[in-house]
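Visitor: There's a structure below that I have some questions on.
The values are calculated or read from the model by the stated rules, or taken from the named source; none is laboratory data. Predicted, not measured: the structure shown is a model, and the values here were computed from it. Cβ placement follows ideal geometry from the backbone for every residue including glycine, while neighbour counts extend to all protein chains displayed. Calculation scope for accessible area: heavy atoms of the full protein, side chains included, ligands and nucleic acids excluded. Shrake-Rupley method; radii C 1.70, N 1.55, O 1.52, S 1.80 Å.
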Amino acid sequence: MKRVLLLGGVTDALAIARTLGPQHVYSLAGVGRVPTDLRCEVRVGGFGGAEGLANFIQQTGIDLILDATHPYAAQMSQNAVTAAKLTGVPCWALRRPAWQAGPDDDWREVADWAELIAALTPFQRPLFTLGREPLQHLHEIPAHQFWTLRALDIYPGNERCEVIGARGPFRLEDERELFETRNIDVLISKNSGSTATEPKLEVARERGVPVLVLKRPMLPEVDRAFWSVGEVLAALQNAEDAS
Ligand code: NAP
């Protein structure tokens, strides 16, 4: 494998990036922290759609795209597959398995923001863990609700919303305290499948709090899909050995 373009932005992608040598490229959208201690090249910012990505691949001699973006970063995943087709470069992907509800869980899947807001009506103290999207809706908070909103960074809230800036991994005891002190009666979450953010689901289960789960987007077919970082690293090693 001469030159891999790793599309990242999540913990698993960073774990892969840490194993890559200087000929490889780790790409970030620019919304989170940029690591400064990697041996591989790090680039930050969008490519300008699938065609921009295809140009980047051709100009920089990439011979494998490895999509390890967040399971809800569907646009980037689609661009990766389109650019792979445009350039003839293979596209592999790490597809993190979804969390599965157990018998003591009360999970309710919602397809989009409108369904989410409708499902929230009976509740008073929701905890949003969807990132920044709810910030656009702070002016729509019904009079009977007070929102707690957790995002990577802190943003201004209002009289009916507290915004907490925090980055995982989150500890079970801290999540218990968050639910307790804010009197949370419903949790809103993506199904990221990440162990770093899983403890909130355990607390919801313990307290009998329902979870509104935003449906996972459809992701495109890739040349090879992997379910764990270990599988990706083994495949990269095999490709390296074969080249
Ligand atoms: P998205 O909707 O799929 O992508 C939007 C645009 O951002 C893409 O079209 C691309 O711009 C740029 N982009 C995304 N990932 C990139 C990458 N790794 N390198 C370079 N450009 C990238 O993505 P999103 O949901 O906004 O997420 C943005 C980033 O945050 C992703 O890298 C993702 O892994 C990470 N992240 C997302 C979530 C989430 O819940 N969505 C959670 C944690 C982390 P161009 O079209 O200009 O190339």
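Visitor: Those residues that are open to solvent by less than 30 Å² (accessible area, probe 1.4 Å), farther than 11 Å from T87 by Cα and in contact with a Leu (Cβ under 8 Å, 6 or more places away or on another chain), I need them from segment 46-67; list them, please.
Guide: L66, D67
Visitor: Of a type in the set (S, T, Y) and more than 6 Å from the ligand (Cβ to nearest atom) - does that describe any residue in segment 63-75?
Guide: no
Visitor: A follow-up question, please. Would you check which residues across segment 1-19 are in contact (Cβ under 8 Å) with a residue 40 or more places away in the chain and closer than 14 Å to D37 by Cα and list them?
Guide: Scanning segment 1-19 gives A15, I16, T19.
Visitor: If you don't mind, there's one more thing I want to ask. So the check is Cβ under 7 Å with 6+ separation or different chains; which pairs have a first residue in segment 81-100 that's outside the structural domain of A196 (by TED's automatic domain parsing) and a second one that's outside any loop (DSSP other than H, G, I, E, B) and basic (K, R)?
Guide: Qualifying pairs under 7 Å: W92/R224.
Visitor: Tally the residues that are open to solvent by 40 Å² or more (accessible area, probe 1.4 Å), modelled with pLDDT of 95 or more and within 13 Å of the ligand (Cβ to nearest atom), restricting the search to segment 13-33.
Guide: Counting residues in segment 13-33 that are open to solvent by 40 Å² or more (accessible area, probe 1.4 Å), modelled with pLDDT of 95 or more and within 13 Å of the ligand (Cβ to nearest atom) gives 2.
Visitor: Within segment 44-62, can one find any residue that is assigned to a helix (DSSP H, G or I), of a type in the set (V, I, T) and modelled with pLDDT of 95 or more?
Guide: Yes, that holds for at least one residue.
Visitor: Any chance segment 151-168 includes a residue that's among the hydrophobic types (A, V, I, L, M, F, W, C), open to solvent by less than 60 Å² (accessible area, probe 1.4 Å), in a loop (DSSP other than H, G, I, E, B) and touching a residue at least 24 places away in the same chain (Cβ under 8 Å)?
Guide: Within segment 151-168, none of the residues are among the hydrophobic types (A, V, I, L, M, F, W, C), open to solvent by less than 60 Å² (accessible area, probe 1.4 Å), in a loop (DSSP other than H, G, I, E, B) and touching a residue at least 24 places away in the same chain (Cβ under 8 Å).
Visitor: When the residues of segment 183-198 are narrowed to those that are surrounded by fewer than 19 Cβ atoms within 10 Å (Cβ to Cβ) and in a helix (DSSP H, G or I), which ends up nearest to the ligand (Cβ to nearest atom)?
Guide: Restricting to residues being surrounded by fewer than 19 Cβ atoms within 10 Å (Cβ to Cβ) and in a helix (DSSP H, G or I), the top hit is A196.
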